[in-house]
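The values are calculated or read from the model by the stated rules, or taken from the named source; none is laboratory data. Keep in mind it's a predicted model, so treat the numbers as computed, not measured. Cβ: placed from backbone, ideal geometry, glycine included. Neighbour counts: every protein chain shown. Heavy atoms of the whole protein, side chains included, go into the accessibility calculation; ligands, DNA and RNA do not. Shrake-Rupley method; radii C 1.70, N 1.55, O 1.52, S 1.80 Å.
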Amino acid sequence: MPTILTYGDSNTHGTPPTPSADLYLRLGPEDRWPCVMQRALGPDCTLIEEGLPGRTTVFNDPVTGPTMNGLLGLPMALRSHGPIDWLTIMLGTNDCQIHHGATAEQITGGLAALIAFALSPEMQTRHAGFRILLIAPPPVVEIGTWAADFHRGAAKSQAMIPLYRDLAASRGLAFLDASQHIAVSPVDGVHFDATAHHRLGQEVAKAIAKAG
C-alpha cells in the first residue's frame, strides 16, 4: 500500500469551522480527512500529514510572513520525508484573501510552480517516482468569521476549479473537485465540518485507489 504525503493548508491540517479568529482548534485524527483516507485505504497505507493553517501556493502573508509560502514549504516536506508514492495538494483557498490581490489565473500559476518542483528530476529521482493528486478546494463563502478577509474571494475560488482541472490534465495528474462532494461551513465560510472531512477522505481514497 502507498505512502501518501498530504500537502495543504488549514483544511488539510484539520481546522474545523471557527466562530472566532482568536481560537485555535483542530479536529482529532478520527475526523481529519487525511486520516479518514488512510483508514479507507487500509492498514498498510502510510500517511504523512503536512497541513499548515494559512498556507498559500506561493504568496508570503503580510502578517505571518514567508512561513505561509507553499513554495518554501514543499521542498522541505519532500526532502524531509520519503520515499512517497503519492502527493496530494489542496491549496489556493488562502490565496483568495483580498490582501494578496491575486486573480484565479495567478493562483493557478502558483499551484503550477509547486507542481513543477514536485515533478522535477531531483524530487522524482529522490522518491523513485511519485504521483500527484490535485484537489480543487470547495469555494469559499463570504460569510462568518473571515468574511472581510475573503472579500471578493467567492467568485475567485469558483473560477479556480476549471483552471485546476485543466492544469491537472496538462500535467497528467489525478484530479478531484472537492466541491462535488463537500462545501465550506457557514460558520466561517472557509473550513469543513467533521462530516465534510469524512466525505472528502473517502473520496480522496477512491481517487487514489482508482488511479492505481
Highest to lowest packing among 32-40, 162-170, 12-20, scored as the average C-beta count within 10 Å: 32-40, 12-20, 162-170
Once normalised by the length of the stretch 30-107, the mean sequence separation of its alpha carbon contacts under 8 Å that are 6 or more apart gives a contact order in percent of 24
What ranking, highest mean first, results for peptides 132-141, 190-199 when packing means the other Cβ atoms within 10 Å averaged over each residue? 132-141, 190-199
What Rg and what Dmax come out for the chain when only alpha-carbon atoms are used, in angstroms? 15.8, 45
Ignoring ligands, DNA and RNA, what percent of the accessible area of the chain is carbon or sulfur (1.4 Å)? 56
Could you please put Asp149, Asp188 in sequence from largest to smallest accessible area, using a 1.4 Å probe? Asp149, Asp188
Convex hull volume of the stretch 119-194 per residue (C-alpha atoms, cubic angstrom): 124
Solvent-accessible area per residue for the chain (1.4 angstrom probe, square angstrom): 42
Binned Cα-Cα distance frequencies in the stretch 70-114 - 10 Å width, integer %: 24, 48, 23, 6
Between the stretch 32-88 and the stretch 156-177, how far is it from one alpha carbon centroid to the other, in angstrom? 19
Which of rounded, prolate, oblate describes the stretch 3-115, given a ≥ b ≥ c as roots of the alpha-carbon gyration tensor eigenvalues and a/c under 1.5 marking rounded, otherwise prolate only if a/b is larger than b/c? oblate
Using every Cα-Cα pair within the stretch 155-198, state what percent have a distance larger than 16 Å. 48
For the stretch 11-27, 3J(HN,Hα) per residue [Karplus equation, 6.51 cos²θ - 1.76 cosθ + 1.60, θ = phi - 60°, Hz, x = Gly/Pro]: 7, 9, 4, x, 5, x, x, 10, x, 9, 5, 8, 9, 10, 10, 8, 5
